[in-house]
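Working notes for the structure below.
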Amino acid sequence: MMDCKGAAALLRGWDDILILCHASPDGDTLGSASALLRGLKALGKRAWFACADGVDEKFAYLFAGLEPPAQPPAHVMSVDVATTSLLGELEETYTGKIELAIDHHGSHSDFAREAWVEPTAPAACELIYLLLAELGVALDKPMADCLYTGLTTDTGCFRYSSVTPRTHRVAASLLEAGADAAEINRKMFESKSRAQLEAERLVMESLAFSCGGRCAIVQVPYSLYARTGVRESELEGVASLPRQIEGVMVGITIKEKEDGTIKASVRSNPPVSACAICEKFGGGGHPFAAGCSFEGETMEGVLQKMQAAAQEQLP
Ligand SMILES: [Mn+2]
């Protein structure tokens, strides 16, 4: 296992770097990739990123002014990727070829030749900030905006228990470097399409309680996307809705994918471990935010399995 200095030393020796993001990319994996590739370019290196899925319009500003290099970069690394299956369609191409992984997931599997993993960091962007400082990169406004995006999205706007004094110190430095916090937070948290609101209304209609009201589950059937026109990426936030209800310790969202796979996202309040609930089904994540997936199951079947697993973890 590497530390920040080790990761910086490795990168200093490379001129040509491809940064992999996880599929269904969020603000943290994209912000990490974009800030790092901007920093590497500032050091005179060639760098680019790759992601199995397209970048959502609301994240377009992260990549403003960047152009892909003429030939594909030689060294491969990943940011915010816990395991190779999260690379989606890029998994086959890059498994076994990843030389460096920088991540903050406690469930990080040892897939890269070298890895710097800090499960106590609330966002991979916090690690990229430290890395850029170690590399001697002077932060410009675009880098600060990218890092702030990952920090704020992975911490639910600095509300989660994963936030530390260091997180706020990093955020302060990003503001000093010109990050437009108010505008980024408005884009990330206070703006939604009508389709999204309509989809959320229908998702809340499916709300079901169990475990004496301490577990709440909502469902997102695949048909919802055609019915409302909502994009899959716009529904990332619904996973946090069930846990907002008073008395709920475990909030679960089950989503049906196009191929019939069913994904469960679990959010818990301490001391209940969302990760322990998901590990039961081969998933994982963070202590209070985790996920797992099921194949060849019905929504109803998954609902019952998740309710039973939640019951086991409740005190
Ligand atoms: Mn992350």
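Points to keep in mind about this one:
- Report summary: the helix-based calculation at 222 nm, which adds -39500 (n - 2.57) for every DSSP H run with n ≥ 4 and divides by the residues of the chain, gives -11000 deg cm²/dmol.
- Cα convex hull of the stretch 4-189, projected area averaged across orientations, nm²: 9.5
- Computed over the stretch 218-315, the Cα gyration tensor eigenvalues convert (square root of 5λ each) into semi-axes of 22, 15, 11 Å, ordered from largest to smallest.
- The local environment of R243, defined by Cβ-Cβ distances under 13 Å, has a net charge of +2 under the rule Lys, Arg +1 and Asp, Glu -1.
- With all pairs of separate Cα atoms included, the chain yields a Kirkwood hydrodynamic radius of 20.1 Å.
- Legend: distances between Cα atoms for K41/K187; K58/K192; K280/K305; K187/K257; pairs beyond 18 Å are K41/K187; K187/K257.
- Relative packing of peptides 178-186, 22-30 - highest average C-beta neighbours within 10 Å first: 22-30, 178-186
- The label-point distance for E190 and E57, in a model that sets each label 7 Å from Cα toward Cβ, rounds to 2.1 nm.
- For the chain, the Cys residues with no second cysteine's beta carbon closer than 4.7 Å are C4, C125, C146, C157, C275.
- Think of each Lys and Arg Cβ as +1 and each Asp and Glu Cβ as -1; about the Cα centre, that makes the dipole of the chain roughly 580 debye.
- Comparing mean-square fluctuations of A208, A35, A216 from a GNM of the chain with C-alpha springs under 10 Å, the top value falls on A208.
Quick note: the coordinates plus some simple rules give every number you see, no bench work behind them. If you're wondering where the values come from, they're calculated on a predicted model, not measured in any experiment. In this analysis, Cβ positions are derived from the backbone assuming ideal geometry, glycine residues included, and neighbour counts consider all displayed protein chains.
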